[in-house]
1. Here are some conditions: (1) surrounded by 17 or more Cβ atoms within 10 Å (Cβ to Cβ); (2) more than 11 Å from chain A (Cβ to nearest Cβ); (3) more than 26 Å from A:Ala248 (Cα to Cα). B:Gly252 meets all but one. Which one does it not meet?
2. Select from the range A:255-280 the residues that are assigned to a helix (DSSP H, G or I) and among the β-branched types (Val, Ile, Thr) and list them in ascending order.
3. Can you name every residue in the range B:197-216 that is at pLDDT below 90 and of a type in the set (A, V, I, L, M, F, W, C)?
4. Just to be sure I understand the filter: pairs with C-beta atoms under 6 Å, separated by 6 or more residues or on different chains, first member in the range A:215-229 and under 18 Å from A:Ala315 (Cα atoms), second member not in a helix (DSSP H, G or I) and not charged (D, E, K, R). Which pairs pass?
5. Evaluate the following for A:Ile123: is it touching a Lys or Arg at 6+ places or on another chain (Cβ under 8 Å) and within 14 Å of another protein chain (Cβ to nearest Cβ)?
6. Residue by residue through the range B:33-68, note down the ones that are surrounded by fewer than 22 Cβ atoms within 10 Å (Cβ to Cβ), in a helix (DSSP H, G or I) and not aliphatic (A, V, I, L, M).
7. Within the range B:84-100, does at least one residue satisfy the condition of being of a type in the set (D, E, K, R), within 18 Å of A:Val57 (Cα to Cα) and over 21 Å from the mean Cα position of the chain (by Cα)?
8. I'm told B:Leu102 meets every condition in (1) under 18 Å from A:Phe306 (Cα atoms); (2) more than 7 Å from chain A (Cβ to nearest Cβ); (3) modelled with pLDDT under 95 except one. Can you identify the failing condition by its number?
Amino acid sequence: MGARHLSLNWASSLSSKIAGLVPGRKGKPPPPAGRSYVEFLIESSIRVLGFSTIGFVLLIFFFLLREGLPIFREVAPANLFGTRWYPTFDLFGTLPLIIGSAYVTVASIAIALPLGVATAVFIREVAPHWTREVLKPLIEVLAGIPSVVLGFFGMHVLAPLVRTTMDVPTGLTAFTGAVLLAYMALPTIISVAEDAIDTVPRSYRDAALAMGATHWQTIWRVVVPAARSGIATAVMLGMGRAIGETMAVMMVTGNAARMPISLNSLFMPVRTMTATVAAEMGEVANGSVHYHSLFGIGIILFILTFLINIVAATAIFKKRHRGGLR
Amino acid sequence: MDRYVKQRMGFAFLTACAIAVVAPILVVIGLIFIEGAKAVSLEFISAVPYGGMKEGGIFPAIVGTLILTVGTALASIPVGVAGTIYLAEYARDTWMTRAIRLAIVNLAGIPSIVYGLFGLGMFVLFLHMGTSILAGVLTLAIMTLPVIISTSEEALRAVPMEFRTVSASLGGTRWQGIRYIVLPQAMPGIITGIILGLLRAAGETAPILFTVAAFYLPQLPRSPFDQVMALPYHLYVISTQVPGMPMSVQYGTALVLLILVLSMNLIATVIRSYFRRRRQW
């Protein structure tokens, strides 16, 4: 690497060079001739690669459509959006799967939202420095734990716990999945909520405190409400993660394709879209109706997460103009 | 109620929530370390599985995951770093740039199982790669891109503007400024981003289900068109598909996977905090 001798110290002295203390640049030969041609090549390839991400999204959508669209011709809509998913009997009702995914996702957010926001507030507003230094890396570790490992833990520890404490026939329930999903969504929710709390101007806090509010009143009545749009974004992103999560959900929710419509379905097995694809794709013949139907589920998942992310992203991209000093 | 009592209760509630978030993490890691340590031995990590995978070790799965991770690194780093440089240094705020950002956000949000479907549809079937290391690596690489790009873009943006203007004022071209000034300064952040992306790839199961993972394959791969066993998939298989699998083997496999991922996490954290402390701007 030719840049080795550009140590941090050298670079940091750059600023002093701005002030004109040291004119010119020492120790580096002038660029050889023909350099600009090479640079042109490098810069154009960087440009092309920069645009490649758009290409990847389009490719993914194209191949999902290519393999999944035939299902809408092969199977009548009444069957496709019916309530019975028994592919071996040509019943491709995706409704229980869609509702199953929604059910588990909403339940997981109901757990993760209060926990996540409270933890984010704790980290940003209350926790002493050393606690923060312990909490942040631990939450990052949680984000890094593979979903199979969490699913494995859920199967062997959480599910038996749910079975005995709730006195239900099996611990592999929607609730078990929701708890695992909540913890998988927590790192996302916490870090986005933290950023939201961080963008609340310092003057808001100062004003509340100057009016005689306690620290807690400031947090509860001023900081959290001011950060609510960012917290909403955090929830959206957490939902996106929860809907798409596959392995952990498949391992702990019992995978029964039945309609979860009542509240006590929470403690019964449920089946999500992702688990269906993961569990059945290995057994289907390429090009069969069943194969197309699984890609059809993929299309639904893609569009759902696409919409969720667009909403979340526009909220993030939107530059908020807010008075006050930071 | 006295508002200071209320404050105390409020803070107690926040603390309880933080503990409720963190305590299970420690329980998961602690349990897997304690139970897994009983199974992990030199034989466990260096022998091939036999006897219906109930005996022997998980060597092929470890090697498989390492191959997939290195392959993913080779495929995703050039594209990811180039994409980052484009976004942070070249792109103006046009609708095309916004489209790229939207694409990255969406790539990051696409469910891992959908990546698996895509890999199956494009690499395995359409491009006739078959269920192979190549197909799995390319699928994982696309999944890793958004992580690499969004983390390393932050690193590039953190380099003060003065560094670029000084480079330009000394007669450096734009590329020279990036190559010799900005990139070296941002390198720790970029490396951290790459490790975080690869860590995710190493632990994923859903994208490799139909693209590369082998249920049982006691020998090592000879070409990029071979299948491999992989740790996450192996853990899934032995904990759900094989009846009568001894718990110690399951916990042992989980432990090896966890150690792999945690050590990558640790390396990323150390690099970041070390350079953050040394940084003088």
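1. (3)
2. Answer for the range A:255-280, where residues must be assigned to a helix (DSSP H, G or I) and among the β-branched types (Val, Ile, Thr): A:Thr274, A:Thr276, A:Val277.
3. Listed by number, the residues that qualify are B:Ala213, B:Ala214, B:Phe215.
4. Matching pairs, first to second residue: A:Ala226/A:Val200; A:Ala227/A:Val200.
5. Yes.
6. To start, the set of residues in the range B:33-68 that are surrounded by fewer than 22 Cβ atoms within 10 Å (Cβ to Cβ) comprises B:33-35, B:37-48, B:50-52, B:54-56, B:59, B:62-63, B:66-67.
When the remaining residues are screened for being in a helix (DSSP H, G or I), the result is B:33-35, B:37, B:42-46, B:59, B:62-63, B:66-67.
Once the filter is applied, which keeps residues that are surrounded by fewer than 22 Cβ atoms within 10 Å (Cβ to Cβ), in a helix (DSSP H, G or I) and not aliphatic (A, V, I, L, M), the range B:33-68 yields B:Phe33, B:Glu35, B:Glu43, B:Phe44, B:Ser46, B:Phe59.
7. The answer is yes, given that some residue of the range B:84-100 is of a type in the set (D, E, K, R), within 18 Å of A:Val57 (Cα to Cα) and over 21 Å from the mean Cα position of the chain (by Cα).
8. The single condition B:Leu102 does not satisfy is (2).
The values are calculated or read from the model by the stated rules, or taken from the named source; none is laboratory data. Bear in mind that the values here come from a model prediction, so they are computed numbers and not experimental data. Heads up, the Cβs are rebuilt from the backbone with ideal geometry, glycines too, and the neighbour counts pull from every protein chain shown.
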